[in-house]
Amino acid sequence: MIRTTLASISTLLLLALPAVAADEFIASPALRASVTVTADVVRIGDLIENAGSAALIPVYRSPDLGTTGTLTVGQVLSVLRAKQVIGVTTGDIKEVQVTRLARTLASKDIQNAVTAALERRFGLGEAANITVTFDRSVAEMRLDASNTGALEPVATRYDARSGRFDVAFEIANDSNSAPTKLRFTGTAIETVEVAVLTRDIDRAELLKSSDVSLERRPKAEVTGEPAARDRSIGMQLRRAMRAGTPLRVADIVKPDYVLRDQAVTIIYQVPGLYLTTRGKAIENGAEGDTVSVLNLHSKRTLTGVVTGRGQVTVQGGSQSAPMAPAVEQTSSIKRDDVPPAAALAQSLIQPPASAAQIAQAQIPQVRPSQAPAKSE
């Protein structure tokens, strides 16, 4: 009975041996054609699969951050044999590419971080209006891939007189409790977008689209409210200005509809009456300006409002309706039937009386006596 039991156990153990051997079989190490690393060294476990206890042994220095290096199969196998790693299968691999991962900070990212740290502080405005110049050229910056945190400003200094800034940042690091520290210095100024003349412009010229471009200029250079480009086109300058000059709202005016010494149409209009006559402008004026004009018929100087190109309206009485375009007309109203408003209008276009007429009008007329003359 006991012998039978032992024989059965022995048989079971013999049957189980192949399965145990299969479980304990170690797969042969195989070379990788492409490798990515995050550390500053390349280990055996990075280069081959199934490296076993040799996986953590460093064998090469990693390429620079964000770059890729190449190793021939012969170089790799020679290093592995020196570390007692043999029997590595290579297949048809001719070389191994090793890439070191990195976190890339573009220069624009760094600039945005600095302007965000200065925004609405130290008398500066929006970050979008702050222009930064670094003391050292800041191109693309590469950090270890473990630096996954945001750029957090921890110390910010700024001198408003010189525009100098000094900003320190910290970045959280996944592989190290201590954050990575970065520091940038340079100058920062607040700018404004302003319309700038592309050529010399005279006082009488109208601004065209090609005459004005948009540029960013230091805010300190633009005293007053900067002019918008779209609102500058079609306007005139208050004075002649040179190319490159930034435009302010105070520099532009509506275009002159009336020029000095220009022939104009003088309009006199009240309800029920519309008169026009020829005149000459005594001064320049834009639409809506009040100017003086000379009535060429009566030689009188009148004051009116510019209501169109070459058109000046002299107000009389209440005028609520908008001015109609000037059309040369003549009035057929008889002088004896002229109402007060019309009489005033006619006085504007009638030439003044001569001195002799005025003197004659002031001498009383001698009436003949009805009584017969006495004879002596």
Fill in: Residue list for segment 206-249, restricted to those being assigned to a loop (DSSP other than H, G, I, E, B) and acidic (Asp, Glu)
225
Worksheet item: Looking at (1) within 30 Å of residue 179 (Cβ to Cβ); (2) without any contact (Cβ under 8 Å) to a residue 24 or more places away in the chain; (3) surrounded by 12 or more Cβ atoms within 10 Å (Cβ to Cβ), can you tell me which one residue 137 breaks?
Response: (3)
Practice prompt. Search segment 254-285 for residues being in contact with an Asp or Glu (Cβ under 7 Å, 6 or more places away or on another chain) and touching a residue at least 40 places away in the same chain (Cβ under 8 Å), and hand back the single one that is surrounded by the most Cβ atoms within 10 Å (Cβ to Cβ).
Written response: 257
Worksheet item: Among the residues of segment 97-131, which ones are in contact (Cβ under 8 Å) with a residue 40 or more places away in the chain and either in contact with a helix residue (DSSP H, G or I) (Cβ under 6 Å, 6 or more places away or on another chain) or of a type in the set (Asp, Glu) (or both)?
Response: 109, 115, 124, 130
Worksheet item: Quick one: is residue 201 surrounded by 15 or more Cβ atoms within 10 Å (Cβ to Cβ) and within 30 Å of residue 225 (Cα to Cα)?
Response: yes
Worksheet item: Given the structure, is residue 85 buried (at least 19 other Cβ atoms within 10 Å of the Cβ), out of contact with any Ser or Thr (no Cβ under 7 Å at 6 or more places or on another chain), modelled with pLDDT under 90 and at negative phi?
Response: yes
Worksheet entry | Condition broken by residue 109, with the remaining ones in (1) farther than 22 Å from residue 175 by Cβ; (2) of a type in the set (Asp, Glu); (3) within 20 Å of the chain's Cα centre (by Cα) satisfied | (1)
Discussion item. When you check residue 217 against the structure, is it over 30 Å from residue 142 (Cβ atoms), surrounded by 15 or more Cβ atoms within 10 Å (Cβ to Cβ) and basic (Lys, Arg), yes or no?
Written reply: yes
Practice prompt. Answer yes or no: is there a residue in segment 143-151 that is free of Cβ contacts under 8 Å to residues at least 40 places away in the same chain and either crowded, with 16+ Cβ neighbours inside 10 Å or over 17 Å from the mean Cα position of the chain (by Cα) (or both).
Written response: yes
Discussion item. Given the options 126, 119, name the one that is surrounded by 13 or more Cβ atoms within 10 Å (Cβ to Cβ) and either more than 16 Å from the chain's Cα centre (by Cα) or not hydrophobic (A, V, I, L, M, F, W, C) (or both).
Written reply: 119
Worksheet, complete the sentence: Counting only strands (runs of 3 or more DSSP E) wholly inside segment 110-200, the ones holding at least 2 residues that are of a type in the set (Gly, Ala, Ser) and either modelled with pLDDT of 95 or more or more than 19 Å from residue 217 (Cβ to Cβ) (or both) are 180-197
Practice prompt. Search segment 286-313 for residues being closer than 15 Å to residue 259 by Cβ, touching a residue at least 40 places away in the same chain (Cβ under 8 Å) and not in a strand (DSSP E or B), and hand back the single one that is farthest from the chain's Cα centre (by Cα).
Written response: 310
Practice prompt. Identify the residue in segment 22-68 that is surrounded by 15 or more Cβ atoms within 10 Å (Cβ to Cβ) and in contact with a Gly (Cβ under 7 Å, 6 or more places away or on another chain) and, among all such residues, is modelled with the lowest pLDDT.
Written response: 51
Item to complete: Determine, yes or no, whether residue 274 is modelled with pLDDT under 85, over 31 Å from the mean Cα position of the chain (by Cα) and either farther than 18 Å from residue 194 by Cα or not in a loop (DSSP other than H, G, I, E, B) (or both).
Response: yes
Worksheet item: Would it be correct to say that residue 71 is surrounded by 13 or more Cβ atoms within 10 Å (Cβ to Cβ), of a type outside the set (D, E, K, R) and not assigned by TED's automatic domain parsing to the domain that holds residue 38?
Response: no
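The values are calculated or read from the model by the stated rules, or taken from the named source; none is laboratory data. Keep in mind that what you see is a predicted model, and the values were worked out from it rather than measured. Counting neighbours? That spans all protein chains shown, and the Cβs are built from the backbone with ideal geometry, glycine included.
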